[in-house]
Amino acid sequence: MLFPRSPTQISSYSTFLTTRIISTMLSTPPAFMHDYSTWWSGKAKRLPLSPEFTCLLLRVLACSAPYLDDDTRQKLEYELGKSIDHLSVLYHSRAKQLSSAIAPGKGGLWQVQQLFLTAQWYKTEARFVESWHALSTAIHEAQEQGMHRVTSNAKFSDFDREMRRRLWCILYAWDWQMSLLLSRPFIVSSSCCNFQLPSMELELVDSHPGAPSPIAHMALQCQLGLSITKIPGVMSGVISPNQAMSIQQETEKWFDSFPSAYAILDPDTRWDATHHFLKLQRFQLHIIGYMMMLMPLKQCLTKHFNTNSSSMEKGLRMTAVENALKLLRACDDLLRHILPMNAKFHFAPFLMFDTTALLCSAILHDEDGSLPQRDKILEAIPRTLSELARQSERAKTGMVCYTALKKLAAFLPSSSADSVSSDSKSQSSNGASSTLRAWLGSSDPLSCFPTSGSPSKLYDHGLSTTPPSDLFPSDPVDGYAGLADLSTVDLGELGEIWDWGHLEIDFPPGTFI
């Protein structure tokens, strides 16, 4: 039995899709359930079924699997006789076979939707390059159907026209973000587009006036991508300091444009209890903004600074550190909200690993001790290790990121803990350094933090508080000053989007094979 036996079962199976994917992208829930009921009625009468909607249904089921709560998962596994993870792969494979028989440009809105969910499924499985290629297929199909251009074609109802806008908005936002993360050219050429953002008026009948539309966060991401790509020279791939500053300014203006429910400071939370997607969207927007502000400044954290460095370079490094610390805090907020159910959400753990690795590089390149907020960086490293350690038992990404980061932290020189500047923050720096020393030398790193306000209080929903013992060095050398063998770290799928060379560190000969 591949399909749930009733609309009720598919409704429960799709309870927690990422960013409420049914309501924001596919259509409003009543419309989707109407289409599903029609499909099931035709199946019961042995009528020919739409291959496009059948693919879409299979994709929804496949993408829903990682986000089920334990009770729903156990119930469905009992009723369907197979593990949910196995069914997710099976649904994906069957949809892939069926989709290959649908001619380009012939599948309508359903076809673009199911192709996009293919990218979603690959991304959930941490198969990032395959996700990017699947996204490309979805975008090309959408272009075949003219979604990248404003149209007044009378054959589309107002509802269909709005859904086309919403779908293209999501595709565009995914394109610029994934392409930047994967260091690939954008799939969409902005010069060939003339699209219109969603009106977001479908939800005006909502009983909570003033609450943002479920698609509002995607429209905002679309706007950020459009504004950044308009900065002269940004698309060339080499960002100058002036362009980096322009990106900072555009992103800050973007933050200022947020509706109150998404605000950085003192957000309006009155709808959080009734609109459960809002908190997730708020944290995602914060992460995307800080990620965008940090991205063009990464090189400022992986280069040597000395007295000959220009004031502009030092200023950009200061901004890079500030953005990195803000990004880590935003990732922490998101993880507190989504864990443990959404353990396959790889975006935040990867950004935490990448950002903290950059901060480790900044310490290693800090020859003259001028690194801004050094004490806060030394506090951030063990905290990130702590959070990734908790995720290591729930998801492979957490385990890989934790293992790699801990081995990198072992390269930090002893002076990071023992030699701090004698300014007014020296006491704080000594405390942060001691915590880092204790983390890297402890068999139970979570004990390095005080009970009150410690990261162990961040996740009290069933996540293990102690990472697997085999992830710790069995024979640490001189605390955290020992040189770990990074060649033993298998980055898995993350190796497709990240490598140690990004850090510009002169590792000892023989570290990598």
## Note on the structure
Given (1) of a type in the set (D, E, K, R); (2) crowded, with 17+ Cβ neighbours inside 10 Å; (3) assigned to a loop (DSSP other than H, G, I, E, B), residue 266 misses just (2)
### Message
Go through the range 82-105 and report how many residues are in contact (Cβ under 8 Å) with a residue 12 or more places away in the chain and in a loop (DSSP other than H, G, I, E, B).
### Response
4
### Summary
Being under 22 Å from residue 54 (Cβ atoms) and modelled with pLDDT of 95 or more narrows 135, 109 down to just 135
### Task
Check whether at least one residue in the range 179-188 is in the same structural domain as residue 87 (by TED's automatic domain parsing), buried (at least 17 other Cβ atoms within 10 Å of the Cβ) and in a loop (DSSP other than H, G, I, E, B), and report yes or no.
yes
### Message
Taking the criterion of being in a loop (DSSP other than H, G, I, E, B), more than 25 Å from residue 372 (Cα to Cα) and in the same structural domain as residue 362 (by TED's automatic domain parsing), would at least one residue in the range 295-305 satisfy it?
### Response
no
### Query
Which of (1) over 24 Å from residue 277 (Cβ atoms); (2) surrounded by fewer than 21 Cβ atoms within 10 Å (Cβ to Cβ) does residue 99 not meet, given it meets every other one?
(2)
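Each row is one residue, and each column tells you yes or no for (1) assigned by TED's automatic domain parsing to the domain that holds residue 271; (2) aromatic (Phe, Trp, Tyr); (3) within 23 Å of residue 191 (Cβ to Cβ); (4) surrounded by fewer than 19 Cβ atoms within 10 Å (Cβ to Cβ).
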site: 212; (1), (2), (3), (4): no, no, no, no
site: 219; (1), (2), (3), (4): no, no, yes, no
site: 223; (1), (2), (3), (4): no, no, yes, yes
site: 230; (1), (2), (3), (4): no, no, yes, yes
site: 235; (1), (2), (3), (4): no, no, yes, yes
site: 245; (1), (2), (3), (4): yes, no, no, yes
### Summary
Counting only residues that are part of a loop (DSSP other than H, G, I, E, B) and modelled with pLDDT under 85, the range 197-210 contains a total of 7
### Summary
Quick count over the range 383-420, residues being at pLDDT below 70 and touching a Leu at 6+ places or on another chain (Cβ under 8 Å), is 4
### Query
Scanning the range 127-170 for residues that are small (Gly, Ala, Ser) and in a helix (DSSP H, G or I), which turns out surrounded by the fewest Cβ atoms within 10 Å (Cβ to Cβ)?
136
### Message
Here are the criteria: (1) surrounded by fewer than 21 Cβ atoms within 10 Å (Cβ to Cβ); (2) farther than 26 Å from residue 395 by Cα. Tell me which single one residue 295 does not satisfy.
### Response
(2)
#### Entry: residue 350 being touching a Pro at 6+ places or on another chain (Cβ under 9 Å), at pLDDT below 90, among the aromatic types (Phe, Trp, Tyr) and under 24 Å from residue 500 (Cα atoms)
no
### Lone unmet requirement of (1) among the small types (Gly, Ala, Ser); (2) at pLDDT below 85; (3) surrounded by fewer than 14 Cβ atoms within 10 Å (Cβ to Cβ) for residue 257
(2)
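The values are calculated or read from the model by the stated rules, or taken from the named source; none is laboratory data. Because the structure is predicted, anything quoted here is derived from the model rather than measured. Glycine gets a Cβ as well: all are built from the backbone with ideal geometry, and neighbour counts include every protein chain shown.
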